[in-house]
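Before I ask anything, let me first share the structure, which is written out below as C-alpha cells.
The values are calculated or read from the model by the stated rules, or taken from the named source; none is laboratory data. Only a predicted model underlies this, so the values are computations on that prediction, with no experimental measurement involved. Glycine gets a Cβ as well: all are built from the backbone with ideal geometry, and neighbour counts include every protein chain shown. The protein model used for the area step is the full one, side chains on, heavy atoms only, and it has no ligands, DNA or RNA in it. Shrake-Rupley method; radii C 1.70, N 1.55, O 1.52, S 1.80 Å.
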Amino acid sequence: MAYDASAYEDMLADLRAADEFSFDTESTGKRPERDRMTWISFATAKRAFAVPLIGDDAVPRQKLADDLRPIIEDTRKLKIVANYKYERLVLRH
C-alpha cells in the first residue's frame, strides 16, 4: 500500500468538518454496473482532493468505502454532484 496515509486522513478530516462538499468519480466506462471506478475527487471550501483507486498509490477500496460512508450519508451535509444518479450507481458498484 503506497498511498499517502497522512494526506488521506487530512482529506477525511476536511470532509467531516465541511458543511458542504462536491465529489465526482471517474471510471473505465459509462456502465457503472460493469466498469471500474478509477478515481474519486472531492472539493471543500478549503481545498480539493483526488483519490486514486488503481495503481501503486491506490487507496484500498474497502477502506475508502468504510471511511466515506458516514460522511456521504450525513444528511446535514450538502453534497454537490453534477450527475447524482450516475455517481450514486458508481459508488454502489
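Name the residue that is modelled with the lowest pLDDT, counting only residues in segment 1-21 that are exposed (fewer than 15 other Cβ atoms within 10 Å of the Cβ) and not in a helix (DSSP H, G or I). Let's see the steps before the verdict.
Restricting attention to segment 1-21, the residues satisfying the condition of being exposed (fewer than 15 other Cβ atoms within 10 Å of the Cβ) are 1-2, 4-7, 9-10, 13, 16-17, 19-20.
Retained after the next criterion (residues that are not in a helix (DSSP H, G or I)): 1-2, 4, 19-20.
Working: M1: 36, A2: 44, D4: 76, D19: 97, E20: 97.
Taking the candidates together, the pick is M1.
Is there a residue in segment 76-84 that is modelled with pLDDT of 85 or more, among the basic types (K, R) and either touching a strand residue (DSSP E or B) at 6+ places or on another chain (Cβ under 6 Å) or open to solvent by less than 80 Å² (accessible area, probe 1.4 Å) (or both)?
There is at least one residue in segment 76-84 that is modelled with pLDDT of 85 or more, among the basic types (K, R) and either touching a strand residue (DSSP E or B) at 6+ places or on another chain (Cβ under 6 Å) or open to solvent by less than 80 Å² (accessible area, probe 1.4 Å) (or both).
Taking the options A58, A50, name whichever one is among the hydrophobic types (A, V, I, L, M, F, W, C), surrounded by 11 or more Cβ atoms within 10 Å (Cβ to Cβ) and part of a loop (DSSP other than H, G, I, E, B). Spell out how you get there, then give the answer.
Values: A50 fails: part of a loop (DSSP other than H, G, I, E, B).
On inspection, the qualifying residue turns out to be A58.
Of the conditions (1) loosely packed, with under 12 Cβ neighbours inside 10 Å; (2) more than 20 Å from K79 (Cβ to Cβ), K63 fails just one. Which one is it?
(1)
Identify the residue in segment 42-82 that is among the polar types (S, T, N, Q) and under 14 Å from the mean Cα position of the chain (by Cα) and, among all such residues, is farthest from L15 (Cα to Cα). Talk me through it step by step, then tell me what you get.
Pass one, segment 42-82, residues among the polar types (S, T, N, Q): 44, 62, 75.
Applying the additional criterion that residues be under 14 Å from the mean Cα position of the chain (by Cα) yields 44, 62.
Details: T44: 7, Q62: 18 Å.
Ranking the candidates gives Q62 first.
Just checking, how many residues over segment 29-46 are at pLDDT 80 or above and in a loop (DSSP other than H, G, I, E, B)?
Count: 4.
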